[in-house]
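The structure under discussion appears below in the form of C-alpha coordinates.
The values are calculated or read from the model by the stated rules, or taken from the named source; none is laboratory data. These figures come from a predicted structure and were not determined experimentally. Note that we place each Cβ from the backbone using ideal geometry, even for glycine, and neighbour counts take in every protein chain shown. Heavy atoms of the whole protein, side chains included, go into the accessibility calculation; ligands, DNA and RNA do not. Shrake-Rupley method; radii C 1.70, N 1.55, O 1.52, S 1.80 Å.
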Amino acid sequence: MTLETILFYALSFVSVGSALMMITRRSPVMSALYLILNFFALAGLYLTLHAQFIAVIQILVYAGAIMVLFLFVIMLLNLGDEKKLSEKMSYKKIIPAGLSFGLLMELLYIVSYAKSDLPLTHIERATEIGTVEYVGKALFTDFLFPFEVTSILLLAAIIGAVVLAKKKLD
Amino acid sequence: MGMEILVSTAKFLIVMTVILVSVIILVYLERRISAFIQNRTGPNRVGPYGLFQAIADVVKLLLKEDIVPKNAYKPVHDLAPIISIGAALSTFAVIPVGNTIELFGTTMKLMIADVNIGILYILSVTSIGVYGITLAGWSSNNKYSLLGGLRSSAQLISYELSMGLSIIGVLMISGTLRLDQIVQHQTMYIGGWLPNWNIFLQPVAFITFVVAAFAETNRLPFDLPEAEPELVGGYHTEYTGLKFGLFFLAEYANMITAAAVITTLFLGGWHLPYAENLGLSAFTLSLLQVLAFCAKVTVILLFFIVTRWTLPRFRYDQLMDIGWKVMLPLAIANVLVTGLILVL
(Lines give C-alpha, C1' and ligand atoms only; values in the text may rest on other atoms or scores of the structure.)
Protein backbone atom coordinates (compact mmCIF):
# COMPACT_ATOMS: atom_id res chain seq x y z
CA MET A 1 0.00 0.00 0.00
CA THR A 2 1.33 3.39 -0.94
CA LEU A 3 0.99 6.44 1.25
CA GLU A 4 -1.77 7.77 -0.99
CA THR A 5 -3.88 4.64 -0.61
CA ILE A 6 -3.55 4.75 3.16
CA LEU A 7 -4.51 8.41 3.15
CA PHE A 8 -7.45 7.71 0.88
CA TYR A 9 -8.85 5.00 3.15
CA ALA A 10 -8.30 7.03 6.32
CA LEU A 11 -9.98 10.12 4.85
CA SER A 12 -12.86 8.12 3.37
CA PHE A 13 -13.41 6.47 6.74
CA VAL A 14 -13.49 9.85 8.48
CA SER A 15 -15.81 11.41 5.90
CA VAL A 16 -18.33 8.55 5.92
CA GLY A 17 -18.12 8.25 9.71
CA SER A 18 -18.62 11.96 10.29
CA ALA A 19 -21.52 12.04 7.82
CA LEU A 20 -23.21 9.23 9.76
CA MET A 21 -22.56 11.00 13.06
CA MET A 22 -23.95 14.21 11.62
CA ILE A 23 -27.36 12.74 10.78
CA THR A 24 -27.66 10.78 14.02
CA ARG A 25 -26.78 13.49 16.58
CA ARG A 26 -29.58 15.05 18.64
CA SER A 27 -27.94 18.39 19.25
CA PRO A 28 -27.93 20.66 16.18
CA VAL A 29 -24.56 22.12 17.17
CA MET A 30 -22.94 18.68 17.25
CA SER A 31 -24.45 17.89 13.84
CA ALA A 32 -22.93 21.08 12.49
CA LEU A 33 -19.54 20.18 13.99
CA TYR A 34 -19.56 16.73 12.38
CA LEU A 35 -20.49 18.33 9.07
CA ILE A 36 -17.42 20.56 9.39
CA LEU A 37 -15.27 17.50 10.08
CA ASN A 38 -16.79 15.94 6.97
CA PHE A 39 -15.80 19.00 4.91
CA PHE A 40 -12.24 18.70 6.16
CA ALA A 41 -12.06 15.03 5.19
CA LEU A 42 -13.44 15.89 1.74
CA ALA A 43 -10.83 18.63 1.36
CA GLY A 44 -8.19 16.03 2.23
CA LEU A 45 -9.59 13.71 -0.46
CA TYR A 46 -9.35 16.55 -3.00
CA LEU A 47 -5.73 17.02 -2.00
CA THR A 48 -4.96 13.36 -2.70
CA LEU A 49 -6.36 14.04 -6.20
CA HIS A 50 -3.92 16.99 -6.57
CA ALA A 51 -6.84 19.44 -6.63
CA GLN A 52 -5.29 22.00 -4.30
CA PHE A 53 -7.54 24.84 -5.34
CA ILE A 54 -10.80 22.96 -4.83
CA ALA A 55 -9.50 21.66 -1.49
CA VAL A 56 -8.69 25.09 -0.12
CA ILE A 57 -11.92 26.59 -1.48
CA GLN A 58 -13.84 23.77 0.20
CA ILE A 59 -12.36 24.83 3.56
CA LEU A 60 -12.56 28.57 2.89
CA VAL A 61 -16.13 28.69 1.62
CA TYR A 62 -17.92 25.76 3.23
CA ALA A 63 -16.11 25.19 6.52
CA GLY A 64 -14.94 28.77 7.01
CA ALA A 65 -17.93 30.83 5.91
CA ILE A 66 -21.14 28.88 5.39
CA MET A 67 -20.83 26.67 8.46
CA VAL A 68 -19.89 29.65 10.63
CA LEU A 69 -23.19 31.22 9.57
CA PHE A 70 -25.07 27.98 10.28
CA LEU A 71 -23.50 27.69 13.70
CA PHE A 72 -24.22 31.36 14.33
CA VAL A 73 -27.92 30.91 13.56
CA ILE A 74 -28.17 27.70 15.61
CA MET A 75 -26.53 29.39 18.59
CA LEU A 76 -28.58 32.58 18.17
CA LEU A 77 -31.85 30.65 18.19
CA ASN A 78 -30.47 28.55 21.05
CA LEU A 79 -32.00 25.39 19.61
CA GLY A 80 -32.41 22.57 22.08
CA ASP A 81 -31.89 18.90 21.39
CA GLU A 82 -34.32 17.27 19.00
CA LYS A 83 -37.02 15.14 20.60
CA LYS A 84 -36.93 11.46 19.86
CA LEU A 85 -39.68 10.54 17.45
CA SER A 86 -41.49 7.44 18.60
CA GLU A 87 -43.11 6.37 15.40
CA LYS A 88 -44.55 2.97 14.91
CA MET A 89 -43.20 0.74 12.19
CA SER A 90 -45.29 1.58 9.15
CA TYR A 91 -45.14 1.00 5.42
CA LYS A 92 -43.83 4.57 5.16
CA LYS A 93 -40.63 3.43 6.75
CA ILE A 94 -40.29 -0.09 5.43
CA ILE A 95 -40.65 0.69 1.72
CA PRO A 96 -37.98 3.46 1.62
CA ALA A 97 -35.67 1.26 3.67
CA GLY A 98 -36.11 -1.61 1.20
CA LEU A 99 -35.61 0.66 -1.80
CA SER A 100 -32.46 2.24 -0.32
CA PHE A 101 -31.05 -1.18 0.48
CA GLY A 102 -31.70 -2.27 -3.11
CA LEU A 103 -29.96 0.85 -4.44
CA LEU A 104 -26.98 0.22 -2.17
CA MET A 105 -26.69 -3.36 -3.45
CA GLU A 106 -26.84 -2.18 -7.07
CA LEU A 107 -24.16 0.40 -6.43
CA LEU A 108 -21.93 -2.16 -4.73
CA TYR A 109 -22.45 -4.54 -7.68
CA ILE A 110 -21.52 -1.86 -10.19
CA VAL A 111 -18.47 -0.74 -8.24
CA SER A 112 -17.13 -4.25 -7.71
CA TYR A 113 -17.82 -5.84 -11.13
CA ALA A 114 -17.64 -3.02 -13.62
CA LYS A 115 -14.47 -2.65 -15.63
CA SER A 116 -12.81 0.72 -15.29
CA ASP A 117 -13.39 2.33 -18.66
CA LEU A 118 -12.80 5.88 -17.51
CA PRO A 119 -11.06 8.06 -20.07
CA LEU A 120 -7.42 8.46 -19.14
CA THR A 121 -6.73 11.42 -21.40
CA HIS A 122 -5.88 13.93 -18.71
CA ILE A 123 -3.96 11.70 -16.37
CA GLU A 124 -0.51 12.94 -17.33
CA ARG A 125 -1.58 16.50 -16.58
CA ALA A 126 -3.38 15.64 -13.35
CA THR A 127 -1.11 17.70 -11.11
CA GLU A 128 -1.50 20.78 -13.27
CA ILE A 129 -5.30 20.66 -13.69
CA GLY A 130 -5.93 21.32 -10.01
CA THR A 131 -3.97 24.57 -9.86
CA VAL A 132 -5.49 28.03 -9.64
CA GLU A 133 -4.05 29.05 -13.01
CA TYR A 134 -5.70 26.15 -14.82
CA VAL A 135 -9.07 26.59 -13.10
CA GLY A 136 -9.02 30.32 -13.82
CA LYS A 137 -8.17 29.84 -17.50
CA ALA A 138 -10.86 27.21 -17.92
CA LEU A 139 -13.46 29.43 -16.23
CA PHE A 140 -12.74 32.43 -18.43
CA THR A 141 -12.38 30.61 -21.75
CA ASP A 142 -14.22 27.31 -22.19
CA PHE A 143 -16.78 27.82 -19.44
CA LEU A 144 -17.30 31.58 -19.77
CA PHE A 145 -21.02 31.39 -20.47
CA PRO A 146 -21.97 29.11 -17.54
CA PHE A 147 -19.69 31.22 -15.32
CA GLU A 148 -21.45 34.47 -16.24
CA VAL A 149 -24.88 32.87 -15.95
CA THR A 150 -23.98 31.67 -12.45
CA SER A 151 -22.90 35.14 -11.44
CA ILE A 152 -26.22 36.62 -12.65
CA LEU A 153 -28.04 33.92 -10.70
CA LEU A 154 -26.07 34.79 -7.57
CA LEU A 155 -26.81 38.50 -8.07
CA ALA A 156 -30.52 37.73 -8.35
CA ALA A 157 -30.28 35.67 -5.15
CA ILE A 158 -28.58 38.53 -3.30
CA ILE A 159 -31.27 41.00 -4.40
CA GLY A 160 -33.95 38.50 -3.42
CA ALA A 161 -32.40 38.09 0.03
CA VAL A 162 -32.26 41.86 0.55
CA VAL A 163 -35.91 42.21 -0.49
CA LEU A 164 -36.97 39.41 1.86
CA ALA A 165 -34.93 40.81 4.74
CA LYS A 166 -36.42 44.30 4.44
CA LYS A 167 -39.51 44.58 6.60
CA LYS A 168 -41.24 47.33 4.68
CA LEU A 169 -40.65 48.25 1.05
CA ASP A 170 -41.19 51.93 0.78
CA MET B 1 12.60 11.98 0.98
CA GLY B 2 13.99 11.35 4.46
CA MET B 3 16.17 14.45 4.22
CA GLU B 4 13.17 16.57 3.20
CA ILE B 5 11.14 15.41 6.18
CA LEU B 6 14.09 16.15 8.46
CA VAL B 7 14.51 19.65 7.05
CA SER B 8 10.77 20.38 7.29
CA THR B 9 10.67 19.16 10.89
CA ALA B 10 13.66 21.31 11.77
CA LYS B 11 12.07 24.39 10.19
CA PHE B 12 8.80 23.63 11.96
CA LEU B 13 10.50 23.31 15.36
CA ILE B 14 12.46 26.52 14.88
CA VAL B 15 9.39 28.51 13.81
CA MET B 16 7.28 27.17 16.69
CA THR B 17 9.97 27.96 19.26
CA VAL B 18 10.45 31.45 17.90
CA ILE B 19 6.70 32.15 17.97
CA LEU B 20 6.23 30.84 21.50
CA VAL B 21 9.22 32.79 22.82
CA SER B 22 8.02 35.93 21.01
CA VAL B 23 4.60 35.53 22.65
CA ILE B 24 6.29 35.68 26.07
CA ILE B 25 8.25 38.79 25.08
CA LEU B 26 5.13 40.32 23.56
CA VAL B 27 3.07 39.86 26.72
CA TYR B 28 5.83 41.50 28.75
CA LEU B 29 6.07 44.37 26.26
CA GLU B 30 2.32 44.85 26.23
CA ARG B 31 2.17 45.11 30.02
CA ARG B 32 5.13 47.47 30.22
CA ILE B 33 3.91 49.73 27.41
CA SER B 34 0.36 49.84 28.76
CA ALA B 35 1.78 50.74 32.16
CA PHE B 36 3.89 53.49 30.59
CA ILE B 37 0.87 54.91 28.74
CA GLN B 38 -1.27 54.83 31.90
CA ASN B 39 1.49 56.35 34.01
CA ARG B 40 2.01 53.16 36.07
CA THR B 41 5.15 51.09 36.62
CA GLY B 42 3.97 47.71 35.33
CA PRO B 43 5.50 44.37 36.30
CA ASN B 44 8.94 45.07 37.83
CA ARG B 45 9.37 42.53 40.63
CA VAL B 46 10.29 39.20 39.01
CA GLY B 47 13.83 39.36 37.65
CA PRO B 48 15.57 42.49 36.36
CA TYR B 49 12.98 45.03 35.13
CA GLY B 50 10.31 42.36 35.68
CA LEU B 51 11.61 40.42 32.68
CA PHE B 52 10.67 37.03 34.14
CA GLN B 53 7.08 38.07 34.95
CA ALA B 54 5.73 36.27 31.86
CA ILE B 55 7.49 33.05 32.90
CA ALA B 56 5.97 33.32 36.37
CA ASP B 57 2.56 33.80 34.73
CA VAL B 58 3.02 30.69 32.59
CA VAL B 59 3.98 28.62 35.64
CA LYS B 60 0.93 29.92 37.47
CA LEU B 61 -1.37 29.00 34.56
CA LEU B 62 0.17 25.52 34.32
CA LEU B 63 -0.29 24.79 38.01
CA LYS B 64 -3.84 26.09 38.33
CA GLU B 65 -6.76 23.70 38.64
CA ASP B 66 -8.67 23.09 35.43
CA ILE B 67 -12.33 23.75 36.24
CA VAL B 68 -15.07 22.74 33.83
CA PRO B 69 -18.51 24.13 34.74
CA LYS B 70 -21.12 21.53 35.67
CA ASN B 71 -23.43 22.34 32.76
CA ALA B 72 -20.70 22.77 30.19
CA TYR B 73 -20.45 20.35 27.28
CA LYS B 74 -17.08 18.81 28.10
CA PRO B 75 -15.78 17.48 24.73
CA VAL B 76 -16.40 20.77 22.95
CA HIS B 77 -15.23 22.76 25.97
CA ASP B 78 -11.90 20.91 25.68
CA LEU B 79 -11.77 21.13 21.90
CA ALA B 80 -12.28 24.91 21.59
CA PRO B 81 -8.86 26.10 22.87
CA ILE B 82 -7.15 23.45 20.73
CA ILE B 83 -8.84 24.78 17.58
CA SER B 84 -7.89 28.34 18.54
CA ILE B 85 -4.22 27.64 19.09
CA GLY B 86 -4.00 25.24 16.13
CA ALA B 87 -5.36 27.79 13.71
CA ALA B 88 -3.19 30.54 15.17
CA LEU B 89 0.03 28.56 14.81
CA SER B 90 -0.54 26.80 11.48
CA THR B 91 -0.79 30.02 9.45
CA PHE B 92 2.95 30.41 9.73
CA ALA B 93 3.54 27.35 7.53
CA VAL B 94 3.40 29.35 4.30
CA ILE B 95 5.00 32.63 5.36
CA PRO B 96 8.47 33.20 3.87
CA VAL B 97 10.69 34.60 6.63
CA GLY B 98 13.63 35.08 4.28
CA ASN B 99 14.99 34.44 0.81
CA THR B 100 16.82 31.20 0.00
CA ILE B 101 19.75 30.34 2.25
CA GLU B 102 22.70 28.01 1.68
CA LEU B 103 23.32 25.60 4.53
CA PHE B 104 25.41 22.40 4.48
CA GLY B 105 25.78 22.63 0.70
CA THR B 106 22.06 22.76 -0.11
CA THR B 107 19.94 25.74 -1.02
CA MET B 108 16.68 25.92 0.87
CA LYS B 109 13.77 28.30 1.02
CA LEU B 110 13.09 29.89 4.38
CA MET B 111 9.47 28.80 4.59
CA ILE B 112 7.95 25.56 5.86
CA ALA B 113 5.62 24.75 2.96
CA ASP B 114 5.98 26.26 -0.50
CA VAL B 115 2.47 25.77 -1.91
CA ASN B 116 1.02 27.59 -4.89
CA ILE B 117 -2.15 28.56 -3.03
CA GLY B 118 -0.31 30.27 -0.17
CA ILE B 119 -2.59 33.23 0.34
CA LEU B 120 -5.79 31.16 0.10
CA TYR B 121 -4.35 28.84 2.72
CA ILE B 122 -3.86 31.79 5.09
CA LEU B 123 -7.42 33.01 4.50
CA SER B 124 -8.92 29.58 5.10
CA VAL B 125 -6.93 28.93 8.28
CA THR B 126 -7.94 32.31 9.72
CA SER B 127 -11.56 31.53 8.92
CA ILE B 128 -11.25 28.26 10.86
CA GLY B 129 -9.92 30.10 13.93
CA VAL B 130 -13.35 31.58 14.64
CA TYR B 131 -14.66 28.15 15.62
CA GLY B 132 -12.42 28.12 18.68
CA ILE B 133 -14.04 31.26 20.07
CA THR B 134 -17.58 30.45 18.96
CA LEU B 135 -17.50 26.93 20.40
CA ALA B 136 -15.88 28.12 23.63
CA GLY B 137 -18.78 30.52 24.03
CA TRP B 138 -21.41 27.92 23.25
CA SER B 139 -20.04 24.98 25.24
CA SER B 140 -19.54 26.98 28.45
CA ASN B 141 -23.33 27.21 28.81
CA ASN B 142 -23.10 30.71 30.19
CA LYS B 143 -24.93 33.70 28.78
CA TYR B 144 -21.91 36.01 28.80
CA SER B 145 -19.76 33.43 27.05
CA LEU B 146 -22.48 32.78 24.49
CA LEU B 147 -22.82 36.49 23.77
CA GLY B 148 -19.06 36.73 23.34
CA GLY B 149 -19.06 33.77 20.96
CA LEU B 150 -21.94 35.17 18.92
CA ARG B 151 -20.35 38.59 18.68
CA SER B 152 -17.09 37.11 17.53
CA SER B 153 -18.66 35.01 14.77
CA ALA B 154 -20.65 38.00 13.49
CA GLN B 155 -17.56 40.19 13.62
CA LEU B 156 -15.29 37.72 11.87
CA ILE B 157 -17.78 37.03 9.08
CA SER B 158 -18.12 40.77 8.46
CA TYR B 159 -14.43 41.53 8.39
CA GLU B 160 -13.26 38.44 6.51
CA LEU B 161 -14.91 39.82 3.38
CA SER B 162 -13.05 43.12 3.39
CA MET B 163 -9.86 41.25 4.29
CA GLY B 164 -10.19 38.92 1.30
CA LEU B 165 -11.14 41.74 -1.05
CA SER B 166 -8.26 43.97 0.03
CA ILE B 167 -5.83 41.14 -0.75
CA ILE B 168 -7.21 40.90 -4.32
CA GLY B 169 -5.61 44.23 -5.26
CA VAL B 170 -2.21 42.89 -4.19
CA LEU B 171 -2.80 39.66 -6.11
CA MET B 172 -3.72 41.58 -9.27
CA ILE B 173 -0.42 43.48 -9.12
CA SER B 174 1.77 40.46 -8.40
CA GLY B 175 -0.18 37.99 -10.54
CA THR B 176 0.43 35.03 -8.24
CA LEU B 177 -0.88 33.40 -5.06
CA ARG B 178 2.58 32.24 -3.99
CA LEU B 179 3.77 34.29 -1.06
CA ASP B 180 7.47 34.01 -1.95
CA GLN B 181 6.75 35.36 -5.44
CA ILE B 182 4.64 38.18 -3.99
CA VAL B 183 7.68 39.15 -1.89
CA GLN B 184 10.00 38.68 -4.87
CA HIS B 185 7.81 41.08 -6.85
CA GLN B 186 8.29 43.72 -4.15
CA THR B 187 12.11 43.67 -4.33
CA MET B 188 12.16 45.91 -7.42
CA TYR B 189 12.42 49.72 -7.22
CA ILE B 190 10.09 52.38 -8.60
CA GLY B 191 12.07 55.10 -10.35
CA GLY B 192 15.28 53.51 -9.14
CA TRP B 193 14.98 54.50 -5.47
CA LEU B 194 11.56 53.79 -3.93
CA PRO B 195 11.17 50.10 -2.99
CA ASN B 196 8.32 48.51 -4.91
CA TRP B 197 6.45 47.61 -1.73
CA ASN B 198 2.73 47.08 -2.01
CA ILE B 199 2.07 49.67 0.69
CA PHE B 200 3.08 52.34 -1.86
CA LEU B 201 1.15 50.73 -4.72
CA GLN B 202 -1.93 49.74 -2.71
CA PRO B 203 -2.31 52.19 0.20
CA VAL B 204 -6.10 51.72 0.42
CA ALA B 205 -5.74 47.94 0.49
CA PHE B 206 -3.10 48.31 3.19
CA ILE B 207 -5.42 50.36 5.41
CA THR B 208 -8.43 48.07 4.93
CA PHE B 209 -6.29 44.99 5.52
CA VAL B 210 -4.77 46.37 8.73
CA VAL B 211 -8.18 47.36 10.10
CA ALA B 212 -9.56 43.92 9.19
CA ALA B 213 -6.55 42.31 10.84
CA PHE B 214 -7.31 44.21 14.05
CA ALA B 215 -10.86 42.88 13.90
CA GLU B 216 -9.76 39.33 13.12
CA THR B 217 -7.35 39.23 16.06
CA ASN B 218 -9.99 40.62 18.44
CA ARG B 219 -7.77 43.52 19.44
CA LEU B 220 -8.99 46.87 20.62
CA PRO B 221 -10.78 48.84 19.21
CA PHE B 222 -12.49 45.69 17.94
CA ASP B 223 -12.35 43.47 21.04
CA LEU B 224 -16.12 43.22 21.40
CA PRO B 225 -16.03 39.41 21.95
CA GLU B 226 -14.25 39.86 25.27
CA ALA B 227 -15.35 43.38 26.31
CA GLU B 228 -14.66 43.03 30.05
CA PRO B 229 -17.09 45.64 31.44
CA GLU B 230 -20.17 44.22 29.71
CA LEU B 231 -19.39 40.53 29.16
CA VAL B 232 -17.20 39.73 32.20
CA GLY B 233 -14.58 38.11 29.98
CA GLY B 234 -16.60 37.01 26.99
CA TYR B 235 -15.96 33.61 25.48
CA HIS B 236 -13.26 32.59 27.98
CA THR B 237 -15.16 33.46 31.17
CA GLU B 238 -15.53 29.78 32.09
CA TYR B 239 -11.94 28.78 31.33
CA THR B 240 -9.19 28.36 33.88
CA GLY B 241 -5.62 27.20 34.05
CA LEU B 242 -3.94 25.79 30.99
CA LYS B 243 -6.99 26.03 28.74
CA PHE B 244 -7.32 29.74 29.49
CA GLY B 245 -3.59 29.97 28.86
CA LEU B 246 -4.08 28.43 25.41
CA PHE B 247 -6.64 31.10 24.48
CA PHE B 248 -4.26 33.75 25.74
CA LEU B 249 -1.43 32.22 23.73
CA ALA B 250 -3.66 31.99 20.65
CA GLU B 251 -4.53 35.67 20.87
CA TYR B 252 -0.88 36.71 20.89
CA ALA B 253 0.15 34.12 18.32
CA ASN B 254 -2.62 35.50 16.09
CA MET B 255 -1.18 38.97 16.50
CA ILE B 256 2.26 37.76 15.44
CA THR B 257 0.80 35.92 12.46
CA ALA B 258 -1.26 38.92 11.39
CA ALA B 259 1.83 41.13 11.63
CA ALA B 260 3.81 38.62 9.56
CA VAL B 261 1.10 38.49 6.89
CA ILE B 262 0.92 42.30 6.73
CA THR B 263 4.71 42.41 6.37
CA THR B 264 4.70 39.79 3.62
CA LEU B 265 1.89 41.31 1.61
CA PHE B 266 2.50 45.02 1.99
CA LEU B 267 5.89 45.80 3.51
CA GLY B 268 8.13 43.83 1.19
CA GLY B 269 8.48 40.74 3.39
CA TRP B 270 12.15 40.00 3.95
CA HIS B 271 13.26 42.68 1.49
CA LEU B 272 15.92 44.98 2.97
CA PRO B 273 16.11 47.99 0.62
CA TYR B 274 19.50 48.67 -1.03
CA ALA B 275 21.18 45.82 0.88
CA GLU B 276 21.70 43.78 -2.30
CA ASN B 277 23.98 46.51 -3.68
CA LEU B 278 26.35 46.46 -0.68
CA GLY B 279 28.33 43.51 -2.00
CA LEU B 280 27.75 41.27 1.01
CA SER B 281 28.17 37.51 0.81
CA ALA B 282 25.00 35.56 0.05
CA PHE B 283 24.86 34.07 3.54
CA THR B 284 25.18 37.43 5.34
CA LEU B 285 22.57 38.92 3.05
CA SER B 286 20.11 36.10 3.85
CA LEU B 287 20.66 36.58 7.57
CA LEU B 288 20.17 40.34 7.26
CA GLN B 289 16.94 39.74 5.35
CA VAL B 290 15.60 37.47 8.09
CA LEU B 291 16.48 40.19 10.60
CA ALA B 292 14.70 42.77 8.40
CA PHE B 293 11.59 40.58 8.41
CA CYS B 294 11.69 40.31 12.21
CA ALA B 295 12.21 44.07 12.55
CA LYS B 296 9.19 44.85 10.35
CA VAL B 297 7.02 42.39 12.30
CA THR B 298 8.15 43.99 15.57
CA VAL B 299 7.23 47.48 14.36
CA ILE B 300 3.72 46.33 13.44
CA LEU B 301 3.34 44.54 16.78
CA LEU B 302 4.31 47.72 18.63
CA PHE B 303 1.72 49.56 16.55
CA PHE B 304 -0.88 46.96 17.60
CA ILE B 305 -0.01 47.45 21.28
CA VAL B 306 0.05 51.25 21.20
CA THR B 307 -3.31 51.29 19.37
CA ARG B 308 -4.83 49.07 22.03
CA TRP B 309 -3.97 51.45 24.82
CA THR B 310 -4.89 54.69 23.04
CA LEU B 311 -8.27 54.02 21.42
CA PRO B 312 -11.61 53.33 23.14
CA ARG B 313 -13.76 50.36 22.13
CA PHE B 314 -16.36 50.69 19.37
CA ARG B 315 -20.02 50.17 20.07
CA TYR B 316 -21.40 47.03 18.49
CA ASP B 317 -23.55 48.77 15.84
CA GLN B 318 -20.63 51.07 14.97
CA LEU B 319 -18.46 48.01 14.46
CA MET B 320 -20.94 46.47 12.02
CA ASP B 321 -21.44 49.81 10.25
CA ILE B 322 -17.72 50.23 9.69
CA GLY B 323 -17.37 46.67 8.46
CA TRP B 324 -20.21 46.67 5.96
CA LYS B 325 -20.67 50.33 5.00
CA VAL B 326 -17.08 51.62 4.96
CA MET B 327 -14.53 48.82 4.70
CA LEU B 328 -16.33 46.62 2.18
CA PRO B 329 -17.13 49.40 -0.36
CA LEU B 330 -13.59 50.75 0.04
CA ALA B 331 -12.09 47.32 -0.67
CA ILE B 332 -14.35 46.77 -3.72
CA ALA B 333 -13.56 50.26 -5.06
CA ASN B 334 -9.87 49.49 -4.61
CA VAL B 335 -10.20 46.32 -6.69
CA LEU B 336 -12.03 48.24 -9.45
CA VAL B 337 -9.50 51.08 -9.55
CA THR B 338 -6.56 48.66 -9.56
CA GLY B 339 -8.17 46.73 -12.42
CA LEU B 340 -8.71 49.92 -14.43
CA ILE B 341 -5.11 51.06 -13.93
CA LEU B 342 -3.75 47.64 -14.87
CA VAL B 343 -5.80 47.61 -18.07
CA LEU B 344 -4.83 51.15 -19.13
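Which helices (runs of 4 or more DSSP H) sit wholly inside segment B:96-194 and have at least 3 residues that are closer than 30 Å to A:Ser31 by Cβ?
Details: elements: B:118-139, B:143-174, B:179-185.
Correct list: B:118-139, B:143-174.
Answer with yes or no whether B:Met320 is in a helix (DSSP H, G or I) and surrounded by fewer than 19 Cβ atoms within 10 Å (Cβ to Cβ). Break it down into steps so the answer makes sense when it comes.
Working: in a helix (DSSP H, G or I): yes; surrounded by fewer than 19 Cβ atoms within 10 Å (Cβ to Cβ): yes.
The answer is yes for B:Met320.
Looking only at segment B:239-283, count how many residues are more than 18 Å from B:Ala213 (Cα to Cα) and open to solvent by 60 Å² or more (accessible area, probe 1.4 Å).
Filtering segment B:239-283 down to residues more than 18 Å from B:Ala213 (Cα to Cα) leaves B:239-246, B:270-283.
Those still in the list that are open to solvent by 60 Å² or more (accessible area, probe 1.4 Å) too: B:242, B:274, B:276-283.
Total satisfying the criteria: 10.
Of the residues B:Val97, B:Val130, B:Val170, B:Val183, which single one is more than 11 Å from every other protein chain (Cβ to nearest Cβ), touching a residue at least 12 places away in the same chain (Cβ under 8 Å), open to solvent by less than 20 Å² (accessible area, probe 1.4 Å) and under 23 Å from B:Ala253 (Cβ atoms)? Let's see the steps before the verdict.
Values: B:Val97 fails: open to solvent by less than 20 Å² (accessible area, probe 1.4 Å); B:Val130 fails: more than 11 Å from every other protein chain (Cβ to nearest Cβ); B:Val170 fails: under 23 Å from B:Ala253 (Cβ atoms).
The match here is B:Val183.
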I need the helices (runs of 4 or more DSSP H) fully contained in segment A:49-148, keeping only those with at least 2 residues that are modelled with pLDDT of 80 or more.
A:52-57, A:67-77, A:91-113, A:132-140
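Just wondering, is there one or more residues in segment B:270-277 that are part of a loop (DSSP other than H, G, I, E, B), closer than 17 Å to B:Phe206 by Cβ and under 21 Å from the mean Cα position of the chain (by Cα)? Talk me through it step by step, then tell me what you get.
Residues of segment B:270-277 part of a loop (DSSP other than H, G, I, E, B): B:270-274.
With the extra rule that they be closer than 17 Å to B:Phe206 by Cβ, the set shrinks to B:271.
With the extra rule that they be under 21 Å from the mean Cα position of the chain (by Cα), the set shrinks to B:271.
So far as segment B:270-277 goes, yes, one or more of its residues are part of a loop (DSSP other than H, G, I, E, B), closer than 17 Å to B:Phe206 by Cβ and under 21 Å from the mean Cα position of the chain (by Cα).
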Say we look at segment A:31-58 and pick out the residues that are over 11 Å from the mean Cα position of the chain (by Cα) and facing chain B (nearest Cβ under 8 Å); which of these is least open to solvent (accessible area, probe 1.4 Å)?
A:Val56
Given the conditions (1) at the interface with chain B (Cβ under 10 Å from one of its Cβ atoms); (2) open to solvent by 60 Å² or more (accessible area, probe 1.4 Å), which single one is not true for A:Val16?
(1)
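Is it true that B:Ala154 is among the small types (Gly, Ala, Ser), open to solvent by 10 Å² or more (accessible area, probe 1.4 Å) and either within 14 Å of chain A (Cβ to nearest Cβ) or under 15 Å from B:Ile262 (Cβ atoms) (or both)?
So B:Ala154 passes the test.
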